[in-house]
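A.B. asks: Below you'll find the structure I mean.
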Amino acid sequence: MKIGIVGAGKVGSACALAAVVRGSARNIVIVDRTRKRAKAVATDLLYGSPLGPKTEVVDGDYDDLAGAALVMITAGINEKAGGATDRNDPQGRLRLLDTNAGIYREIVPRIVRAAPKAVLLVVTDPPDPLADIARNSAGHGRILSTGTFLDSLRFRVHLAQHFEVDANQVEAQVVGEHGVSQVFLWSSARIAGVPIGAIIRERGETLERVREKIESSVRYANITIIEGNDASQFGIGIVSARIAEIVLRDERAVLPIGSYNERFGVTLSLPSIVGRSGVVRILEPEMSPEEEQALKRSAASLKKSEDGT
């Protein structure tokens with residue numbers, strides 16, 4: 001199976017690297033506005049590819065995306081270049097929307113002309129409103145946002161570190177926006193089936209203090225990474241490669257991922273069944289009244305950001 005990656009910057013390159021190492025697809029085509037950069041990235045990866053699962057990596061133009069089952073879109077201005085690295089900014093990643101919306105309106109029709117049956121995976125920040133831009137530009141609904149999949153993994157990792165357990169034993173989700181209004185589902189968080197709240201009480205801690213610490217670490221994880229390495233790229237690269245595998249293999253895996261939600265009128269993340277055509281079904285998790293209200297506020301924030309773009 002074949003995937004395309006549009007955008008050969010730091011995030012696009014990380015997506016390509018993860019896809020090659022994981023063997024996410026048999027063929028990978030990298031497209032960039034600077035063909036020389038796309039060729040350099042593809043060639044560099046190709047030299048290491050014999051040590052992994054059989055993968056062909058090439059650079060190309062939009063026409064070379066023909067036959068791709070999924071196309072990742074990573075093109076656009078990032079948080080550092082776009083001035084979205086202020087923890088006190090209530091807009092967060094949404095500050096990048098106007099600039100990146102223009103880029104998406106230009107490139108999405110070109111992708112669709114070449115690969116009309118492909119699922120489009122929006123990776124560029126802010127991915128949720130950009131997925132709505134892509135949906136309108138593409139004229140179909142096979143649009144995914146990477147959404148809160150990475151945020152949920154960050155949540156699990158920080159919980160695991162706090163409680164000194166393996167992150168694979170932690171069940172925890174973040175829903176809503178991939179951004180500052182994201183919603184942490186503490187009410188359903190578990191470690192090996194044991195509610196987080198019960199474990200916190202046993203340790204003599206308070207939920208409020210644990211929650212404040214972990215939510216801050218997760219909500220601003222991208223900024224912390226950018227402060228040290230200029231770009232948050234590797235985690236989202238692995239996440240994007242995993243999403244590609246789920247789609248290409250029609251796995252029907254359940255994960256918190258962004259897709260258009262008719263109830264809210266925007267793209268946001270809820271646990272969803274993902275297969276060959278994208279999101280097959282959106283699931284409604286049990287939430288506390290506080291979490292339900294927070295999700296509504298998150299949707300409203302996304303809706304407001306899209307007005308006028």
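A.B. asks: Are any residues in region 154-172 in contact with a strand residue (DSSP E or B) (Cβ under 9 Å, 6 or more places away or on another chain) and either surrounded by fewer than 22 Cβ atoms within 10 Å (Cβ to Cβ) or not in a loop (DSSP other than H, G, I, E, B) (or both), and if so, which ones? Steps first, answer last, please.
C.D. replies: At the first step, the residues of region 154-172 found to be in contact with a strand residue (DSSP E or B) (Cβ under 9 Å, 6 or more places away or on another chain) are 154-157, 159-160, 163, 165, 169-172.
Arg154, Phe155, Arg156, Val157, Leu159, Ala160, Phe163, Val165, Gln169, Val170, Glu171, listed by residue number.
A.B. asks: Shifting gears a bit: Just a yes or no: is a residue in region 110-124 touching an Asp or Glu at 6+ places or on another chain (Cβ under 9 Å) and within 30 Å of Ala189 (Cα to Cα)?
C.D. replies: yes
A.B. asks: Follow-up. Do any helices (runs of 4 or more DSSP H) lying entirely in region 209-309 carry at least 2 residues that are buried (at least 19 other Cβ atoms within 10 Å of the Cβ) and over 16 Å from the mean Cα position of the chain (by Cα), and which ones are they? It would help to see each step written out before you state the result.
C.D. replies: Working: elements: 221-229, 234-248, 289-306.
Answer list for region 209-309: 289-306.
A.B. asks: Let me spell it out: the conditions are (1) touching a helix residue (DSSP H, G or I) at 6+ places or on another chain (Cβ under 8 Å); (2) closer than 24 Å to Val239 by Cβ; (3) of a type in the set (A, V, I, L, M, F, W, C); (4) buried (at least 18 other Cβ atoms within 10 Å of the Cβ), and Ala114 meets all of them except one. Which number is the exception?
C.D. replies: (2)
A.B. asks: What pairs can you find where one residue is in region 1-19 and at pLDDT below 95, the other is not in a helix (DSSP H, G or I), and their Cβ atoms are less than 7 Å apart, with a gap of 6+ or different chains?
C.D. replies: From region 1-19, the pairs are Met1/Ala25; Met1/Arg26; Met1/Ala69.
A.B. asks: Identify, by number, the condition in (1) more than 13 Å from Gly7 (Cα to Cα); (2) of a type in the set (S, T, N, Q); (3) out of contact with any Asp or Glu (no Cβ under 8 Å at 6 or more places or on another chain) that Thr74 doesn't meet.
C.D. replies: Just one mismatch for Thr74, condition (1).
The values are calculated or read from the model by the stated rules, or taken from the named source; none is laboratory data. Model, not experiment: these values are computed from the prediction. Every residue, glycine among them, receives a Cβ derived from its backbone with ideal geometry; neighbour counts consider all protein chains shown.
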